[in-house]
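The values are calculated or read from the model by the stated rules, or taken from the named source; none is laboratory data. None of these values were measured; they are calculated from a predicted model. For neighbour counting, all protein chains shown are included, and Cβ atoms are generated from backbone atoms with ideal geometry for every residue, glycine included.
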Amino acid sequence: MEGGKIVAEQIRKNIEKVEFKYQDHVIPLTFTFCVSIYNTIMNIGDCIKKADQALYKGKRKGRNCVVLFKEDDVLIG
């Protein structure tokens with residue numbers, strides 16, 4: 001999981017450095033990444049739900065970040 005966080009953080013930083021332009025406007029582009037673990041006990045839908053929970057946690061945190069899903073994270077209504 002920590003390796004996934006490192007890779008996602010590198011990607012996030014590289015995206016943030018790129019200057020996207022449309023006509024005369026510079027458009028800042030940022031991403032919030034979430035990392036969760038997939039194992040053979042769960043199905044892919046469960047893995048995606050965990051990543052989605054982490055994504056909402058990252059958005060509450062202020063966006064443009066990398067968050068890890070932890071088993072004590074609570075599903076948001």
Residues in the range 60-67: is at least one in a loop (DSSP other than H, G, I, E, B), of a type in the set (A, V, I, L, M, F, W, C), modelled with pLDDT of 85 or more and surrounded by 15 or more Cβ atoms within 10 Å (Cβ to Cβ)?
yes
When you scan the range 40-49, do you find a residue that is surrounded by 10 or more Cβ atoms within 10 Å (Cβ to Cβ), under 16 Å from residue 66 (Cα atoms) and of a type in the set (Asp, Glu), even just one?
no
Specify the residue that is farthest from residue 66 (Cα to Cα); the eligible residues are those in the range 1-29 that are surrounded by 10 or more Cβ atoms within 10 Å (Cβ to Cβ), touching a strand residue (DSSP E or B) at 6+ places or on another chain (Cβ under 7 Å) and not hydrophobic (A, V, I, L, M, F, W, C).
4
Among the residues of the range 17-57, the number that are farther than 21 Å from residue 3 by Cβ and not in a helix (DSSP H, G or I) is 14
